[in-house]
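Asker: Below is one structure. I have some questions about it.
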Amino acid sequence: MDTNKEFLMVTKWQDKGCESCRNLWESGQRPQELAINYDLHSRLHKCKECGTYWEQHERYADIIDESEAKKLYPDAFFETDK
């Protein structure tokens, strides 16, 4: 497993993103959705407050770094990379 992914998965909830985006997830809402990966059955979100990328799966959401997000959700970055 990629060491960066290992770090993200063991990071405590209170250390992920910011209070604003954690509160959105905890209340059943979500940060802004940017893209869907149908093969992985997942969605990419980004917090407007802190800029953290979140990957939403069927039963949970976790932070994802920008380089991984670009690999898995290239359409979300198409216009901003020009």
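Asker: Would you calculate the separation in nanometres between label points at His57 and Ser20, each defined as 7 Å from the Cα along the Cα-to-beta-carbon direction?
Answerer: Modelled inter-label distance: 2.8 nm.
Asker: Mark the label point 7 Å from the Cα of Lys12 along Cα→Cβ and return the residues of segment 34-71 whose backbone N is within less than 18 Å of it.
Answerer: 63
Asker: What ³J(HN,Hα) values, in whole Hz, does the Karplus curve 6.51 cos²θ - 1.76 cosθ + 1.60 give for segment 63-70 when θ = phi - 60°, with x put for Gly and Pro?
Answerer: Rounded to whole hertz, the list is 6, 9, 7, 4, 5, 5, 4, 5.
Asker: Spin-label point model (7 Å from Cα, Cβ direction): what's the Gln29 to Glu66 distance in nm?
Answerer: Simple spin-label model gives 2.5 nm for this pair.
Asker: Principal axis lengths of segment 39-82 from Cα atoms, whole Å, largest first?
Answerer: Dimensions of segment 39-82 along the principal axes of its Cα atoms: 34, 28, 13 Å.
Throughout, read-outs are computed from the coordinates displayed, never taken from laboratory work. Model, not experiment: these values are computed from the prediction. Neighbour counts run over all protein chains shown; Cβ positions are idealised from the backbone, glycine included.
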